[in-house]
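The values are calculated or read from the model by the stated rules, or taken from the named source; none is laboratory data. Keep in mind it's a predicted model, so treat the numbers as computed, not measured. Cβ coordinates were reconstructed from backbone atoms using ideal geometry, including for glycine residues, and neighbour counts include every protein chain displayed. Note: areas computed on protein heavy atoms with side chains; ligands, DNA, RNA excluded. Shrake-Rupley method; radii C 1.70, N 1.55, O 1.52, S 1.80 Å.
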Amino acid sequence: MLYPQENLYRNLTKLDGMWRFFADREGNGEAKGLPGGLPKEARDIAVPASWNEQYSDLFHFHGKGWYERIFFAPLDWDSRPVWLRFGAVSGVCKVWVNETLVLEHTGNALPFEARIDNVLHFGQENRLIVLADSTLDPWSLPPASLEGRQEGRVGFASSYPNVTYDFFPYGGIQRSVWLYTAPANRIEDITVKTDVQGTAGIIRFTLKTTAICKGKVIASVGDQVCEVSLDGVEARGDLRIPDAKLWDIGQPNLYAVNFVLETDESKDCYRLDCGIRTVKVDGNRFLLNGKPVFFKGFGKHEDYSILGKGYNDAIVVKDFGLMRWIGANSFRTSHYPYDEQILSMADRHGVLVIGETPFVGLNERMYRPDILEKAKGVIAEMIARDKNHPSIVMWSLANEPNCESTEAEQFFKGMAETARSLDDTRPITYVAHLEPENNVGYPYYDVVCINKYYGWYVGAGLIDETLDEFKACMDRFYQKFGKPMIVTEFGADAIAGMHCDPPQMFSEEYQNEMVAKQFEAMCEKDYCIGAHVWAFADFKTCQSISRIIVNRKGVFTREREPKMVAHTLHRLWNEKN
Ligand code: BDP
């Protein structure tokens, strides 16, 4: 799905800003006629942002949130097709424009849109109503629930809310809302794949139109032009760039390719930033443009105080600055696809991204054919949205699943086949926390990613004593699967400002020493091709006895101040290529 863009044939306007909000605690808003307008108790709310930290009584509201926004549809947009697009809304979402239901979507982190000009009043005000039903559902992807409180247990099982993952289930319209025009028969989609032939770069494109048409497609960048005829809904071509500058780590060479669609009835264009690069897993190596890569970086979150999971440009700018300073070359979009602007930023900064699905905490009861179908749908949505980003070099299809049974194997095989059928250019992985024998999915994947907390959840307080266990664990995975490995999570909680000599858990010294020693242990293993510290910054999670308001494994605080370990990583990572 193409990101909205303004050009000669397309206009857009953002509907971000102050909306009205109503928390439907009885859950019967639809029957009460809320699609026609919110009740007078509705209050101001900011979009994009999660609702939970904007008002204290909404902190633990995980239900049906109703939003309203009155917007003006310009008269000069009359008789032009108009789309309404949501970057992401939590849970099960329904959208009404002037009381007509125009959109329904399930999921927290991917966009959806609909053409709405047939219900718009041009040159007048229009009423937009959005229902974001964030009710925690044990069968959703990811699974979550407010039920099932379990007393006396340590860890997530006894957290509130009782989700199967370690981050707060924020709700709301968390990414931008757009209204845009484009020709009726528009450039519906573009897929680019790149290749290198000698010193030339090849940008292979497939362009899809909305309707069957006759005409031509012209792709150009500078003096290089590729014109192909179109008869149907799809045109393919190769744009050849002599002496191409490849996209690489810290060398974000991008070619702004202009795609023009010319048919008898209409014209459209779209500019896409393309990075020419190759990725490949070869034996124990992950090759970018033929050269081995060592992934240095983090698992991250979209998370900030007050905003929750709401997208914010300033935070993204700050995070990329910190990643550059510390010497990171990569991050994982743990544990869901991030806002598209973050991926574009990674494209522009030469940062590698492991793009992850929202499948975190999958357990054996989920491995049913109907849930596999749902999962395949989400993988397809993610790849459709993100496939053109050069920064994305691998897909991660799940985080920390229980993956032991024949059903699990079928599920993971099915997900792998879907991802490969939709994208034959990128390796795939999933992220494991159990032992090799409890990971029946790996034979279908290219890279092994492990989350290991030696010296924390295993061998609490023992940094030196657990180092050999950690190394032995890495070896077990390598012996069983013979694939390159990234340690996608390791780390310790540290409360900023808490100091201890000798280092003890929760102090900055402990986190610092543990991360440094384990990083060095990974560097000893030549099959280990990456180290991602958990986590980039402290982040909000559910309440439990093991969390002090936030998860404190951040190398930076939630406000992005460095802890002691940040300076150590800055040194280690700037030394290691
Ligand atoms: C791993 C999860 C991650 C958690 C982390 C932790 O992948 O989401 O936040 O552990 O416990 O299990 O801090």
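Each residue in the range 394-415 was checked for being surrounded by 22 or more Cβ atoms within 10 Å (Cβ to Cβ) and farther than 20 Å from residue 143 by Cα, and 2 pass.
Which members of the range 177-206 meet the condition of being within 30 Å of residue 74 (Cβ to Cβ), open to solvent by 40 Å² or more (accessible area, probe 1.4 Å) and in a strand (DSSP E or B)? Selection gives 188 alone.
Take the conditions open to solvent by 20 Å² or more (accessible area, probe 1.4 Å) and in contact (Cβ under 8 Å) with a residue 12 or more places away in the chain and apply them to residue 160. Does it pass? So residue 160 fits the description; yes. For the range 458-470, the candidate set comprises residues that are touching a strand residue (DSSP E or B) at 6+ places or on another chain (Cβ under 9 Å) and among the hydrophobic types (A, V, I, L, M, F, W, C); within that set, the residue that is surrounded by the fewest Cβ atoms within 10 Å (Cβ to Cβ) is 462.
Which residue is least open to solvent (accessible area, probe 1.4 Å), if the candidates are limited to the range 86-106 and must be in contact with a helix residue (DSSP H, G or I) (Cβ under 6 Å, 6 or more places away or on another chain) and either closer than 20 Å to residue 2 by Cα or of a type in the set (S, T, N, Q) (or both)? Once the filter is applied, the top-ranked residue is 98. Residues that are in contact with a Phe, Trp or Tyr (Cβ under 6 Å, 6 or more places away or on another chain) and charged (D, E, K, R) within the range 474-516 comprise 489, 493, listed in sequence order. Just to be sure I understand, how many residues within the range 540-562 are part of a strand (DSSP E or B) and either β-branched (Val, Ile, Thr) or surrounded by fewer than 24 Cβ atoms within 10 Å (Cβ to Cβ) (or both)? Adding up the residues that qualify gives 6. Taken over the range 66-85, the criterion of being in contact with an Asp or Glu (Cβ under 7 Å, 6 or more places away or on another chain) and either farther than 17 Å from residue 12 by Cβ or crowded, with 20+ Cβ neighbours inside 10 Å (or both) is satisfied by 66, 70, 82, 84, 85.
Rundown of residues vs (1) among the basic types (Lys, Arg); (2) in a strand (DSSP E or B); (3) closer than 19 Å to residue 455 by Cα, yes/no style:
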position: 487; (1), (2), (3): no, yes, yes
position: 492; (1), (2), (3): no, no, yes
position: 504; (1), (2), (3): no, no, yes
position: 522; (1), (2), (3): no, no, yes
position: 577; (1), (2), (3): no, no, no
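Condition check for residue 449 on (1) touching a residue at least 24 places away in the same chain (Cβ under 8 Å); (2) open to solvent by 60 Å² or more (accessible area, probe 1.4 Å); (3) within 15 Å of the ligand (Cβ to nearest atom): one failure, at (2). When you scan the range 474-487, do you find a residue that is among the aromatic types (Phe, Trp, Tyr) and within 16 Å of the ligand (Cβ to nearest atom), even just one? Within the range 474-487, none of the residues are among the aromatic types (Phe, Trp, Tyr) and within 16 Å of the ligand (Cβ to nearest atom). Across the range 374-386, what is the total count of residues that are under 21 Å from residue 277 (Cα atoms) and either polar (S, T, N, Q) or open to solvent by 30 Å² or more (accessible area, probe 1.4 Å) (or both)? Total satisfying the criteria: 1. Select the strands (runs of 3 or more DSSP E) contained entirely in the range 42-130, then report the ones holding at least 2 residues which are in contact (Cβ under 8 Å) with a residue 40 or more places away in the chain. Ranges flagged: 43-47, 64-73, 82-86, 92-97.
Please go through the range 107-129 and pick out each residue that is polar (S, T, N, Q) and open to solvent by 10 Å² or more (accessible area, probe 1.4 Å). The answer is 108, 118, 124. Within the set 416, 408, the sole residue that is in contact with a Gly (Cβ under 8 Å, 6 or more places away or on another chain) and either within 18 Å of residue 365 (Cβ to Cβ) or acidic (Asp, Glu) (or both) turns out to be 408. Across the range 177-218, the number of residues qualifying as among the hydroxyl-bearing types (Ser, Thr, Tyr) and closer than 24 Å to residue 423 by Cα comes to 5.
In the range 330-350, the residues that are more than 21 Å from residue 90 (Cβ to Cβ) and within 16 Å of the ligand (Cβ to nearest atom) form Cβ pairs under 9 Å with partners that are in a helix (DSSP H, G or I) and not aromatic (Phe, Trp, Tyr), at six or more places apart or across chains, as follows: 331/319; 331/323; 331/346. Considering the range 471-500, the residues that are aliphatic (A, V, I, L, M), open to solvent by 10 Å² or more (accessible area, probe 1.4 Å) and farther than 24 Å from residue 527 by Cα include one that is farthest from the chain's Cα centre (by Cα), namely 498. Scanning the range 146-182 for residues that are among the basic types (Lys, Arg) and away from the ligand (no atom under 15 Å from the Cβ), which turns out modelled with the lowest pLDDT? Of everything passing the filter in the range 146-182, 149 is modelled with the lowest pLDDT.
In the set 419, 398, 384, only one residue is in contact with a strand residue (DSSP E or B) (Cβ under 6 Å, 6 or more places away or on another chain), within 30 Å of residue 245 (Cβ to Cβ) and of a type in the set (A, V, I, L, M); that residue is 419. The residue pairs whose first member lies in the range 535-559 and is within 10 Å of the ligand (Cβ to nearest atom), whose second member is of a type in the set (Ser, Thr, Tyr) and open to solvent by less than 10 Å² (accessible area, probe 1.4 Å), and whose beta carbons are closer than 6 Å, counting only pairs six or more residues apart or on different chains, are 547/541; 551/541. Scanning the range 263-277 for residues that are buried (at least 18 other Cβ atoms within 10 Å of the Cβ) and in a strand (DSSP E or B) gives 263, 268, 269, 270, 272, 274.
Each residue in the range 249-262 was checked for being out of contact with any strand residue (DSSP E or B) (no Cβ under 8 Å at 6 or more places or on another chain) and in a strand (DSSP E or B), and 1 pass.
Quick one: is residue 455 of a type in the set (Gly, Ala, Ser), out of contact with any strand residue (DSSP E or B) (no Cβ under 8 Å at 6 or more places or on another chain) and crowded, with 23+ Cβ neighbours inside 10 Å? Taking the combined requirement at face value, the residue satisfies it. The single condition from (1) in contact (Cβ under 8 Å) with a residue 60 or more places away in the chain; (2) more than 16 Å from the ligand (Cβ to nearest atom); (3) buried (at least 20 other Cβ atoms within 10 Å of the Cβ) that residue 318 fails is (3).
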